[in-house]
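Let me begin by presenting the structure, written as structure tokens, before commenting on it.
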Amino acid sequence: MREITSEKQLMEYINTYKLESVFKKELLPHLSLYDVDAGERLCSQGDASHCLYILMKGKVKVYTISPEGKTLVLSFKQPLEVIGDIEYVQDVDIMNTVEAVSPLVVIGIPYKRLKQHASKDPQLLTFLLEMLTKKFCAKSNSLSFNLMYPVEVRLASYLLSIFCEESHLVMNQKTESLKDIANLIGTTYRHLNRVLQKFVAQGVIEKKKGSIILKDKEKLSCLANDNIYE
């Protein structure tokens, strides 16, 4: 994570997402803008929580790790998204790991500055409430999605969520990764492999050198029925 020392760029992002009313003058000097590389973690499950991040650009993956070491991907997030809001409100350690799927730009605000300058600010509290309810609705929709749609639709939706436009790379094909996907979309590892082979036969994806490459995004979007894990 690298700090971007450009006040102009920071204000451009704030203006783009109409956050002027959320961040009052007293709080502005304590906002920092950061670049985050793909694959880098913004925060890790179990670590002490001390900073609120607001996603301005890029996509993140949110996942949890069980005591046995198994990974479960919970969701993918794009702007505008807040990371660390639940931990800030509840004053708890980081609940889930958040990792950059693509290069990110985020705004970071230390919790202590939020408490010092905006703990009772109605605009900020309303903003956080909106973000939290958005998370609740997304989680509810995701649970319904897993119950109501066939595996083909769920897998197509997942692949769209992690697709990298620049390289056409969907994912590195590793056994554990495929098991994680199976857990996320509510199916078995064996059934997941069958559906992947079906997508290959349909010309939607290609398996190449341990990776999955997207060949036909339009067809995958049709298979996903416009439902994406985001």
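Yes or no, residue by residue, for (1) within 26 Å of Thr64 (Cα to Cα); (2) open to solvent by less than 30 Å² (accessible area, probe 1.4 Å); (3) in contact (Cβ under 8 Å) with a residue 24 or more places away in the chain:
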| site | (1), (2), (3) |
| --- | --- |
| Val82 | yes, yes, yes |
| Glu87 | yes, yes, yes |
| Val92 | yes, no, yes |
| Met95 | yes, no, yes |
| Ala100 | yes, yes, yes |
| Tyr111 | yes, yes, yes |
| Ser119 | no, no, no |
| Thr126 | no, no, no |
| Leu132 | yes, no, yes |
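Got at least one residue in region 143-157 being in contact with a strand residue (DSSP E or B) (Cβ under 8 Å, 6 or more places away or on another chain) and either under 25 Å from Ala224 (Cβ atoms) or at pLDDT 95 or above (or both)? Among the residues of region 143-157, not one is in contact with a strand residue (DSSP E or B) (Cβ under 8 Å, 6 or more places away or on another chain) and either under 25 Å from Ala224 (Cβ atoms) or at pLDDT 95 or above (or both), which makes the answer no. So, of the residues in region 9-23 that are in a helix (DSSP H, G or I) and among the hydrophobic types (A, V, I, L, M, F, W, C), which turns out to be surrounded by the fewest Cβ atoms within 10 Å (Cβ to Cβ)? Checking each candidate, the answer is Met11.
Of all the residues that make up region 176-223, how many are at positive phi and in a helix (DSSP H, G or I)? Residues in region 176-223 being at positive phi and in a helix (DSSP H, G or I): 0 in total. Residues of region 16-58 that are free of Cβ contacts under 8 Å to residues at least 60 places away in the same chain and under 19 Å from the mean Cα position of the chain (by Cα): Arg41, Cys43, Ser44, Gln45, Gly46, Asp47, Tyr53, Ile54, Leu55, Met56, Lys57, Gly58.
Of the residues making up region 203-225, those that are surrounded by fewer than 14 Cβ atoms within 10 Å (Cβ to Cβ) and without any contact (Cβ under 8 Å) to a residue 24 or more places away in the chain are Gly203, Lys208, Lys209, Glu218, Cys222. When you check Cys43 against the structure, is it within 30 Å of Tyr189 (Cα to Cα) and open to solvent by less than 30 Å² (accessible area, probe 1.4 Å), yes or no? For Cys43, the condition - within 30 Å of Tyr189 (Cα to Cα) and open to solvent by less than 30 Å² (accessible area, probe 1.4 Å) - is met.
Residue count for region 28-40, restricted to those that are out of contact with any His (no Cβ under 8 Å at 6 or more places or on another chain) and either open to solvent by less than 20 Å² (accessible area, probe 1.4 Å) or not in a strand (DSSP E or B) (or both): 9.
Listed by position, the strands (runs of 3 or more DSSP E) contained in region 61-158 that have at least 2 residues being closer than 23 Å to Ser221 by Cβ and not β-branched (Val, Ile, Thr) are 71-77.
The values are calculated or read from the model by the stated rules, or taken from the named source; none is laboratory data. For clarity, every value in this text was computed on a predicted model and none was experimentally measured. Using ideal geometry, Cβ is built from the backbone for each residue, glycine included, and neighbour counts are taken over all protein chains shown. For the accessible areas, the whole protein counts, side chains as well, though only heavy atoms, and no ligand, DNA or RNA atoms are used. Shrake-Rupley method; radii C 1.70, N 1.55, O 1.52, S 1.80 Å.
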